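Q: My structure is below; once you've seen it, I'll send some questions.
The values are calculated or read from the model by the stated rules, or taken from the named source; none is laboratory data. Remember, it's a predicted structure, so these values are computed and weren't measured experimentally. Note: ideal-geometry Cβ built from the backbone for every residue, glycine included; neighbour counts use all protein chains shown. Remember, those area values only see protein heavy atoms, side chains included, never the ligands or the DNA or RNA. Shrake-Rupley method; radii C 1.70, N 1.55, O 1.52, S 1.80 Å.
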Amino acid sequence: MERTTGPTATPALEVRGLGVTYGGISAVSDVSLRVAPGELVGLIGPNGAGKTTTIDAITGFVPHRGTVQVLGADVSSAPPHRRVRAGLARTWQAVELFEDLTVAEHLRVASPGSGVRDLLADLVRPGRASRPGSGDHDAAILERLGLAELADTVVTDLPHGTQKLVGVARALATDPAVLLLDEPAAGLDVDESRAFGGRLRALVDDGRSAVLVDHDVELVMATCDRVVVLDFGAVIAEGTPSGIQSDLRVQEAYLGTAVDDGGAVG
Ligand code: ATP
């Protein structure tokens, strides 16, 4: 991934004034969010705060107000598949895998098409070999997520935590600039969650950007560069993990409950 980093770089994701209304009820009212290249931003908040709706809107799955820019390109009116082409990818709260397919096949079906033109280009420009959609590219993703040895395993034979990683690997198949993860650690035990945090951090340290929605507060605080807190569809706080943990509004709205429940709510 060749992306400019640093304070003057174009944001990987810039969201301004995002709003979503369901049948007259406001789910998200005015969310602005900026994610720099190579930055991991946590998005937390109580149940019903609007976290999933924010991801749905950014990725184009629900109509919204406000603007969404990916690497400087405005995709505010674009359908989901054009937002994918612009550099967005997401995972879903529920593990939605294809029961009969292997781990590697999940990446293959999600990859950009490998038409005749791509095959010919590979022959004359071998450097393209690790482009998204190529076997090398998919193999590198599986290696990064510790799934390489499971490439030929049918996903239903895998434990839940590993299936969630396959969902993340599938989202990476298009080589997104920004990965939006909706509760990837739900259902993982403490060790699986920590291992996942390490792998996510490594992806971001490679230069990719990500937004992490999760109720596993320990995971979010340990892995994210910055945390944004939502309540009733609006941003109530934003800052470093330590700043957010000591913010009284956040403790009242969310962290009090999270800490009482041993670090994982929802
Ligand atoms: P959780 O942590 O429980 O997943 P969340 O922060 O992701 O919650 P959302 O799922 O985005 O919250 O929901 C925000 C609000 O929008 C809630 O009041 C919810 O009931 C409402 N909502 C979400 N999806 C729909 C929908 N399809 N139709 C109507 N209302 C919806």
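Q: As I understand it, the dipole of segment 161-266 uses +1 on the Cβ of Lys and Arg and -1 on the Cβ of Asp and Glu, about the Cα centre. Which of L172, L230, G243 lies farthest toward its positive end?
A: L172
Q: Further question: Counting heavy atoms of the protein chains only and a 1.4 Å probe, report the per residue accessible area for segment 165-266 as a whole number of Å².
A: Values: 3910 Å² over 102 residues.
The answer is 38 Å² per residue.
Q: Run the simple label-point estimate for F232 and T156 please: 7 Å along Cα→C-beta, distance reported in nm.
A: 4.6
Q: Starting from the 7 Å offset along Cα-to-Cβ, what nm value, one decimal, do you get for the label separation of R201 and S26?
A: 3.8
Q: Please sort 11-23, 160-172 by packing, taking for each peptide the average over its residues of neighbouring beta carbons within 10 angstrom, highest first.
A: Highest to lowest by the protection proxy: 160-172, 11-23.
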